[in-house]
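Visitor: Before I ask anything, let me first share the structure, which is written out below as structure tokens.
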Amino acid sequence: MEYEGQICRAPQERASFMLPIMVGCSYNGCKFCNLFRHLDFRVLPLEQVEAELARVRSVGGKPKKVFLGDGNAFDLPMSHLEKVIGLIHEYLPDCSAINMDATVTGIGRKTDEELAWLAQAGVSHLYLGIESGLDDVLEFMDKDHRNDGARCAIHRIQEAGMHFDAHIMTGIAGAGRGEENARALAAFLNETHPAHVVNFSLFLHEEVPLFQEIREGRYRAASEGENVREEILLLQLLCEGMDENRPIKYEGFHDFLGCRVSGMLPKDGPKMIGKLEKLLADHLEADKTYSFVRGECPVLFTQDGKVIYSTTLPGE
């Protein structure tokens, strides 16, 4: 199948067979996201999906895990998901797990009976963009949920037998609010028990509405140094407050500083914290560095006018 747009899936789905069933994201309104803004959202015809499954089977493919793309496949109507899942089991009988991205509002549109059916049919992990533990930040970023709604949705899918995996962002609350956001996120995650947490340091992309907010002074971006300290505190609080009998897989990405951490919490927490503390010690300019993105390539700026990998500063 010819893939349209940028491939976007959780790191833990690296080995899964990716089956697009839609193009883009049906919501596509988050102020910080540019993954799908250039695409016209549409649902792919079932005939196209079936043809791709037939092709995979014809070349001997026997994937055990399938990831449904693109941006929020779970939010498609139940009638369509039932047909897609039926085709997967018909053509790929070895498949035992079907995973996809979801939104809180998408979960809310499905009944408890439908959630139970999906779990029985092999839907295992749903990836939710929680992003922040602060409702005012979610509102500012035009997320489609608030935290009470997320708690309710997560409880419902867990009761149905599915796992919840959280995508979050250090830096999303803006300058000076890293500690506040870390504490709110830790409380939320320790309460909701995700199976996996993926934490990205916020990308400040010039093509998204958030960049205009920065230009016009309505949003102050956090530095990469503040983002790292936010993640250190988050890890400390997760380890302190979590149930040791319910470990969490954790992955953190600070690509602009060239650092990633990964491990199981709470066991590997001290090791990851130590790596992040060393990162701060090695990058003395981290508190003056801001991760702006132009096109698909990272562009690093420093507040004092020193520029890395670029020739202009934001706003010039």
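The values are calculated or read from the model by the stated rules, or taken from the named source; none is laboratory data. This is a predicted model, so every value here is computed, not measured. Note: ideal-geometry Cβ built from the backbone for every residue, glycine included; neighbour counts use all protein chains shown. Please note that ligands, DNA and RNA were not included when accessible areas were found on the heavy atoms of the full protein model with its side chains. Shrake-Rupley method; radii C 1.70, N 1.55, O 1.52, S 1.80 Å.
Visitor: Test of understanding: among 139, 114, 180, which residue is more than 27 Å from residue 36 (Cβ to Cβ), modelled with pLDDT of 95 or more and assigned to a helix (DSSP H, G or I)?
Guide: Within the list 139, 114, 180, the selection yields 180.
Visitor: Look through 218, 246 and report the one residue that is out of contact with any Pro (no Cβ under 9 Å at 6 or more places or on another chain), within 12 Å of residue 190 (Cβ to Cβ) and open to solvent by 50 Å² or more (accessible area, probe 1.4 Å).
Guide: Numbers: 218 fails: within 12 Å of residue 190 (Cβ to Cβ).
Checking each option against the conditions leaves just 246.
Visitor: Which residues, taken from region 171-203, are within 12 Å of the chain's Cα centre (by Cα) and closer than 18 Å to residue 269 by Cβ?
Guide: Across region 171-203, the qualifying residues are 196, 197, 198, 199.
Visitor: Still on this model: Which strands (runs of 3 or more DSSP E) does region 189-279 wholly contain that include 3 or more residues that are in contact with a His (Cβ under 7 Å, 6 or more places away or on another chain) and within 19 Å of residue 137 (Cβ to Cβ)?
Guide: none
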